[in-house]
There are 2 protein chains.
Amino acid sequence: MLPDKLRTLVSLLHRLPGVGEKTAQRFAFSLASERAGLAALLGRELSSLNESIAACTSCGFLADVRPGSPQLCSICRDPRRNERILCVVAKAQDLLAIEGSGAMPGKYLVLGKLLSPLDGVSADDLPIQALRQLIAERNVEELILATPPSVDGEATALMLAQELRAAGPRISRIASGIPHGGDLEFSDRVTLGRATDGRHGVES
Amino acid sequence: MLPDKLRTLVSLLHRLPGVGEKTAQRFAFSLASERAGLAALLGRELSSLNESIAACTSCGFLADVRPGSPQLCSICRDPRRNERILCVVAKAQDLLAIEGSGAMPGKYLVLGKLLSPLDGVSADDLPIQALRQLIAERNVEELILATPPSVDGEATALMLAQELRAAGPRISRIASGIPHGGDLEFSDRVTLGRATDGRHGVES
């Protein structure tokens, strides 16, 4: 009963992450009804997206394609970044979140995936060789493992620490504990256990 | 720090209904990363959307544009529909929801808006004249007011009933009460009041 064109659009929007049938329908109706040209603008951007965005050849984050120059993202091109600190994250959005905190002076490497035996991702699928090469080339002092504190994230961090220990850098792991403003009363047991295990001395 | 192209895309996706900055970013990353061509497919569909979908000239629902023929939706074109029952809904999605129930043998009219003094929508902005004309042309027997049971929806239904009473059809309002499977204990007072007021005789 939906027009064919709209049905096609709904099925495509349904493929966006976290978008169900109803939400896709809501987007489609909004796009079809609003006359401010959002559909046409989005259409133009999306049509050329795959040609104009590509993974940064150095860190794996996304970068604008600039013909004739190496495919580097703005962070890898920034000379003020401390090359000797290398932060490993699972996905591009995590890089963005850490950048938003302003706490990272170094550069990044985006793994793209985490160890996950159930999904068939083993150590061979992770860029361990690329990490070894970066550590040697840049003479990296500290390797910060910022994979998420989940089962897969912890396993990946542990494996990377073991594999790269011999390469020389100091290896650290981001802290896991009670989030800023969080309530001890409502924290789960694992988080409280980690917060206690990860306690540090107080300077006075 | 985001590539320019991605920043543009995020700001456009952010204009979709109910999509915040973070969700827009998630969509954009997914579209930029997945290589199955979703971005290109969506791009093509959206580029031509405004040219290939338009409001049905009879009921206001959305219809495929078919050059050379009147712009009618599949419901208005369906000869099996009972023209003498006319159901008034606020928006296209509501029409779709009622169609999904399979309980409506008649045709529809989509108002597109509801009476709302705060938003400056008055009776003059509603298609009362078009409704009068449809009722006369089709010799409508029953006018079903299916605007939502909200303040604006009720006000609109009341106003339409008053304005169109003289045009002749029986005028009815969809029932408001406890939803199927709902719990009396957790229903709000207004809903319970309506369920009680709207009680009907039980045949045995």
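The values are calculated or read from the model by the stated rules, or taken from the named source; none is laboratory data. Model, not experiment: these values are computed from the prediction. Neighbour counts run over all protein chains shown; Cβ positions are idealised from the backbone, glycine included. When the accessible area is computed, the model is the full protein with side chains, heavy atoms only, and any ligands, DNA or RNA have been set aside. Shrake-Rupley method; radii C 1.70, N 1.55, O 1.52, S 1.80 Å.
Quick look at the values:
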item	result
Subset of region B:62-86 [farther than 17 Å from residue B:112 by Cβ and among the polar types (S, T, N, Q)]	B:69, B:74, B:82
Number of positions in region A:26-44 that are open to solvent by 10 Å² or more (accessible area, probe 1.4 Å) and more than 7 Å from chain B (Cβ to nearest Cβ)	5
Failed item, numbered, when residue A:99 is tested on (1) without any contact (Cβ under 8 Å) to a residue 40 or more places away in the chain; (2) away from chain B (no Cβ under 11 Å); (3) open to solvent by 20 Å² or more (accessible area, probe 1.4 Å)	(2)
Selection count, region B:1-17, where residues are surrounded by fewer than 16 Cβ atoms within 10 Å (Cβ to Cβ), more than 7 Å from chain A (Cβ to nearest Cβ) and not basic (Lys, Arg)	1
Meets criteria (touching a residue at least 24 places away in the same chain (Cβ under 8 Å), assigned to a loop (DSSP other than H, G, I, E, B), open to solvent by less than 80 Å² (accessible area, probe 1.4 Å) and among the small types (Gly, Ala, Ser)) for residue B:172	no
Sole exception among (1) assigned to a helix (DSSP H, G or I); (2) open to solvent by 40 Å² or more (accessible area, probe 1.4 Å); (3) among the small types (Gly, Ala, Ser) for residue A:181, by number	(1)
Which numbered condition residue B:134 fails, given (1) closer than 20 Å to residue B:104 by Cα; (2) open to solvent by 40 Å² or more (accessible area, probe 1.4 Å); (3) assigned to a helix (DSSP H, G or I)	(2)
Residue match in region B:48-57 (condition: free of Cβ contacts under 8 Å to residues at least 12 places away in the same chain, within 9 Å of chain A (Cβ to nearest Cβ) and either part of a loop (DSSP other than H, G, I, E, B) or farther than 18 Å from residue A:2 by Cα (or both))	yes
Some residue of region B:6-16 being under 30 Å from residue A:112 (Cβ atoms), at pLDDT 90 or above and of a type in the set (Gly, Ala, Ser)	yes
Answer from A:39, A:63 - the residue that is assigned to a strand (DSSP E or B) and on the phi < 0 side of the Ramachandran plot	A:63
Counted residues, region A:137-151 - those being out of contact with any helix residue (DSSP H, G or I) (no Cβ under 8 Å at 6 or more places or on another chain) and not in a loop (DSSP other than H, G, I, E, B)	5
Complete set of residues in region B:58-96 that are within 12 Å of chain A (Cβ to nearest Cβ) and polar (S, T, N, Q)	B:71, B:74, B:93
